[in-house]
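Note sheet for the following structure.
Please treat every number below as a calculation from the coordinates, not as lab data. What you are looking at is a predicted structure, and each value in this text was computed from that prediction instead of being measured. For neighbour counting, all protein chains shown are included, and Cβ atoms are generated from backbone atoms with ideal geometry for every residue, glycine included.
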């Protein structure tokens with residue numbers, strides 16, 4: 001079962017330290033903690049002719065997108081949303097914000113999670129651009145698979161109840177998979193209506209083909225799910241070093257405005273916070289791995305001792321620790337998504 005949706009995750013501006021000793025005798029190092037922020041739904045102008053489209057509260061499936069307009073009223077869209085209803089509402093709201101939203105020439109998908117591309121079919125005629133790895137990952141999944149799974153959820157016990165809670169607000173029936181029409185590897189510079197937009201591949205990290213979108217003249221970056229603000233990030237693929245390096249890549253640009261894949265608009269403090277999250281979680285997981293704890297027990301233990309206290313979707317620690325354990329053991333196999341969602345269901349509040 002391949003069920004893709006990111007969630008929201010981590011903001012770095014506010015932190016608290018929670019040293020503790022775990023029952024297994026491992027020391028808990030300082031944790032990252034911050035409360036989930038509140039912010040407004042809809043288009044937000046973040047720079048000259050640049051808009052973020054935000055969906056509070058940024059948790060499972062409530063992703064962000066963006067629009068970059070040029071001088072002659074043509075535009076590039078960064079990502080679509082989890083279903084057609086939400087994507088239509090976004091396009092309508094963006095057309096109110098700027099006439100350029102009626103002339104979207106290019107759509108960039110930052111990665112292969114459905115809440116960033118399920119609405120692609122509504123951009124008929126636009127060139128759709130993604131990394132080659134992203135396009136390959138898209139081909140391995142479909143919204144219809146998730147629709148079928150949600151239909152079965154009432155019979156799936158604890159796992160089904162969890163899936164209904166996190167995905168029940170979305171409609172996956174009737175979505176036609178609309179993949180990229182152009183792919184690239186490494187980096188690609190686009191020129192849309194006189195505006196330069198740089199696409200930089202930073203995956204595999206969150207997924208296999210993560211891309212960030214840099215608008216140099218606006219000093220703005222759309223990060224896709226390399227950044228989650230207000231909740232735990234989730235590492236489906238890794239390795240963690242790539243995610244940390246992606247944060248460093250963003251910091252080095254450097255932007256004034258950072259639009260995350262989930263959560264409110266942030267700045268470099270938000271990027272540094274996500275980087276710190278992964279550095280600390282890597283160390284916490286390594287200690288427990290070396291002590292012989294299972295991945296799920298380690299996730300419970302890390303959570304129980306205050307790591308990233310206050311962030312939403314703490315059950316994602318089950319996925320993140322499992323990914324780190326696979327990395328520590330040299331296991332290059334693909335993650336088992338059925339097992340990972342079942343583990344999160346166990347860990348969820």
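Scanning the range 185-221 for residues that are assigned to a strand (DSSP E or B), more than 18 Å from the chain's Cα centre (by Cα) and surrounded by 17 or more Cβ atoms within 10 Å (Cβ to Cβ) gives 188, 190, 192, 195, 197, 215.
Could you check the range 57-138 for strands (runs of 3 or more DSSP E) lying wholly inside it with 3 or more residues that are in contact (Cβ under 8 Å) with a residue 40 or more places away in the chain and surrounded by fewer than 24 Cβ atoms within 10 Å (Cβ to Cβ)? Show your work before the answer.
Details: elements: 65-69, 75-78, 104-108, 127-131.
Passing ranges, in order: 127-131.
Determine if the range 295-306 includes at least one residue that is in contact with a strand residue (DSSP E or B) (Cβ under 9 Å, 6 or more places away or on another chain), in contact (Cβ under 8 Å) with a residue 12 or more places away in the chain and within 20 Å of residue 239 (Cα to Cα). Steps first, answer last, please.
Applying the first criterion (in contact with a strand residue (DSSP E or B) (Cβ under 9 Å, 6 or more places away or on another chain)) to the range 295-306 yields 301-302, 304-306.
Subset that is in contact (Cβ under 8 Å) with a residue 12 or more places away in the chain: 301-302, 304-306.
Okay, now just the ones that are also within 20 Å of residue 239 (Cα to Cα), so 302.
Within the range 295-306 (the criterion being in contact with a strand residue (DSSP E or B) (Cβ under 9 Å, 6 or more places away or on another chain), in contact (Cβ under 8 Å) with a residue 12 or more places away in the chain and within 20 Å of residue 239 (Cα to Cα)), the answer is yes, since at least one residue qualifies.
In this structure, does residue 269 turn out to be part of a helix (DSSP H, G or I), touching a residue at least 40 places away in the same chain (Cβ under 8 Å) and within 28 Å of residue 329 (Cβ to Cβ)? So residue 269 fails the test. Taking the criterion of being surrounded by 18 or more Cβ atoms within 10 Å (Cβ to Cβ) and touching a helix residue (DSSP H, G or I) at 6+ places or on another chain (Cβ under 7 Å), the residues of the range 160-184 that qualify are 162, 163, 167, 172, 175, 178, 180, 184. Out of everything in the range 207-216 that is touching a residue at least 60 places away in the same chain (Cβ under 8 Å) and in contact with a strand residue (DSSP E or B) (Cβ under 8 Å, 6 or more places away or on another chain), what residue ends up being farthest from residue 319 (Cα to Cα)? Of everything passing the filter in the range 207-216, 215 is farthest from residue 319 (Cα to Cα).
Checked against (1) surrounded by fewer than 24 Cβ atoms within 10 Å (Cβ to Cβ); (2) part of a helix (DSSP H, G or I); (3) without any contact (Cβ under 8 Å) to a residue 60 or more places away in the chain, residue 292 passes all but a single condition, namely (2).
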